[in-house]
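Asks: Submitted below is the structure of interest, expressed as structure tokens.
Values quoted throughout were computed directly from the atomic coordinates according to the rules given, and no laboratory measurement underlies them. All figures in this text were calculated on a predicted structure; none of them were measured in a lab. Quick reminder, even Gly has a Cβ in these numbers, built from the backbone with ideal geometry, and neighbours come from all protein chains shown.
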Amino acid sequence: MLQAVYPDLRRAVRNRIAAYVPRPFAYVLEPLLTYQSPLRFGAWPDRLTPIAALASYAGPVLIVGGEKDVYTPPSESREMAAAAAHGKELLLLRGMNHPEASAAQSEEYLERILAFFSATLGAP
């Protein structure tokens, strides 16, 4: 289960910057932050790409995102689900932004994750 997860670091940083300044500035400012990643995370930004890992993961995956998320927009959550190799499910939480989707506890959310884990791991 991946909840409110970005497809790649560069887009994640651009989206976060664009939430506060016009998007063209986000494209200019993003490299200033992402190219610090070898020092901060020990890897270049092109290595921090969950979407690439999904393509080689053979198990089932549930992608959860918020319908109103500007940090990881619904289009990126859909892209993540499409990249999954097998057993993929997508849950876009109605009316939720990134922090709300990250901490979701709605009835819809709880029902879907319980159903996903029951179907993939067996009933509790």
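Asks: Of the candidates Arg40, Arg23, Arg14, which one comes out as most mobile in a Gaussian network treatment of the chain with C-alpha springs shorter than 10 Å?
Replies: Among Arg40, Arg23, Arg14, the largest mean-square fluctuation in the Gaussian network model of the chain belongs to Arg40.
Asks: In whole Hz and in residue order, list the ³J(HN,Hα) couplings for the stretch 96-104 that follow from phi through the Karplus curve 6.51 cos²θ - 1.76 cosθ + 1.60, θ = phi - 60°; x for Gly and Pro.
Replies: 9, 8, 4, x, 5, 5, 5, 10, 4
Asks: Build a GNM of the chain with springs between Cα atoms under 10 Å: which of Val64, Val21, Val13 gets the top mean-square fluctuation?
Replies: Val21
Asks: Another question, then. In whole Hz, with x marking every Gly and Pro, tabulate ³J(HN,Hα) for the stretch 81-87 from phi via Karplus 6.51 cos²θ - 1.76 cosθ + 1.60, θ = phi - 60°.
Replies: 4, 5, 6, 5, 6, 9, x
Asks: Quick one: angle between helix 23-34 and the longest Cα principal axis of the chain, in degrees between 0 and 90, rounded to 10, please.
Replies: 90 degrees
Asks: Okay, moving on. What is the sum of charges around Ile63, taking Lys and Arg as +1, Asp and Glu as -1, for the other residues whose C-beta is under 14 Å from the C-beta of Ile63?
Replies: Local net charge: -2.
Asks: Just need the relative contact order of the stretch 1-105 here, percent rounded to a whole number, with Cα pairs under 8 Å and 6+ apart.
Replies: Relative contact order comes out at 32 percent.
Asks: Around Gln3, which amide H atoms from residues at least 5 apart in sequence, or from another chain, sit under 5 Å from its own amide H, with H modelled in the peptide plane?
Replies: Amide H neighbours of Gln3, under 5 Å, 5+ apart: Val64.
Asks: What does the charge add up to near Ile113, with Lys and Arg as +1, Asp and Glu as -1, over the other residues with Cβ less than 15 Å from its Cβ?
Replies: Local charge sum for Ile113: -2.
Asks: Can you tell which of Pro99, Pro73, Pro50 shows the greatest fluctuation in a Gaussian network model of the chain with Cα springs below 10 Å?
Replies: Per the Cα network of the chain with a 10 Å cutoff, Pro99 tops the list.
Asks: Between beta-carbons, use under 15 Å as the cut-off and find the net charge around Ser37, counting Lys and Arg +1, Asp and Glu -1.
Replies: +3
Asks: Which distance in Å, rounded to a whole number, links the C-alpha centroids of the stretch 8-36 and the stretch 39-102?
Replies: 18 Å
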